[in-house]
Structures are given as structure tokens and as C-alpha cells.
Amino acid sequence: MAKPLLLLALFAATLAVTAALGGRDPGPIVGGWRPIEDVTDPHIQELGGWAVTQHAKLASDRLQFRRVTRGEEQVVSGMNYRLFVDAVDGAGTSAPYVAVVYEQAWTRTRELTSFKPAANY
């Protein structure tokens, strides 16, 4: 008898939370990737530029940042950003890349964890 009551209580609690949120998105889910709503946000564009600069320092391929075209974010102990960036090489050829950046604002930590041509993604 206790199990049906427990299930009923959990269901009621779920309904109460859903009603309290008014159908709104509850926010980021830890560990799950979700789309970045506004990739024109200056912070997102700055992250994309930073990622291309870091890659260019390591690879010496003279890539130059143009813009972030889309992206996803993942809540961890900080934030992972998967950014689809448009960059131009030394010959002036534009190409899409995928950069993954880890950022922890409160410790001022930022790492480029991955940078690949988008075709390889």
C-alpha cells in the first residue's frame, strides 16, 4: 500500500513544480548540452574569437576569427561551450570549425579543449 501512495505523492509533486514554473524551461540541466539561444551575445562571440586565437597559436595556421554561427552549452563545474565558428585562413578561404571551450568564471579559468574542422565533427 505504501508504494502506490509514494508514487502518487511523487506525481503530485511533479505537477506542483510544473505548475509553479508556469510551463517555463527550468534552466540548464547539469551534464546535458543545450543550444545557446543568442550566439550574437558579446561573451559568446568573444569566446569564439579567443578559441580561434588559441588554436592559431598552437597550430601556426594563421586562422582569423569571423564569427560564431551557432553553439551549445553544457553545465559542468563551470561551463563547456561547443561553438561553431567561421574562420578565415591565410589565403582568405573561409571555413567552419567546431571549438570546445571550458570556462569557470569564478576561478577565471578558460581552456580550449578541442578545435576541429566542422566537417570532421
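The values are calculated or read from the model by the stated rules, or taken from the named source; none is laboratory data. Predicted, not measured: the structure shown is a model, and the values here were computed from it. Backbone-built Cβ (ideal geometry, glycine too); neighbour counts: all protein chains shown. These accessible areas exclude ligands, DNA and RNA; they are computed on the full protein's heavy atoms, side chains included. Shrake-Rupley method; radii C 1.70, N 1.55, O 1.52, S 1.80 Å.
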Worksheet, complete the sentence: Taking every other residue with Cβ under 12 Å from the Cβ of A118 and scoring Lys and Arg +1, Asp and Glu -1, one gets +2
Fill in: Per residue accessible area of region 58-121, 1.4 Å probe, in Å²
59 Å²
Item to complete: Taking amide H positions as placed in the peptide plane 1.01 Å from N, state which residues far from S114 in sequence (5 or more) or on other chains have amide H under 5 Å from it.
Response: V100
Worksheet, complete the sentence: Between R70 and residues 5 or more places away or on another chain, the pairs with built amide H atoms under 5 Å apart involve F84
Discussion item. Testing the spin-label approximation: label points 7 Å from Cα along Cα→Cβ at S60 and A95. State their distance in nm.
Written reply: 1.8 nm
Discussion item. Based on alpha-carbon atoms only, what is the radius of gyration of region 60-121 relative to the globular estimate 2.2 N^0.38 Å?
Written reply: 1.20
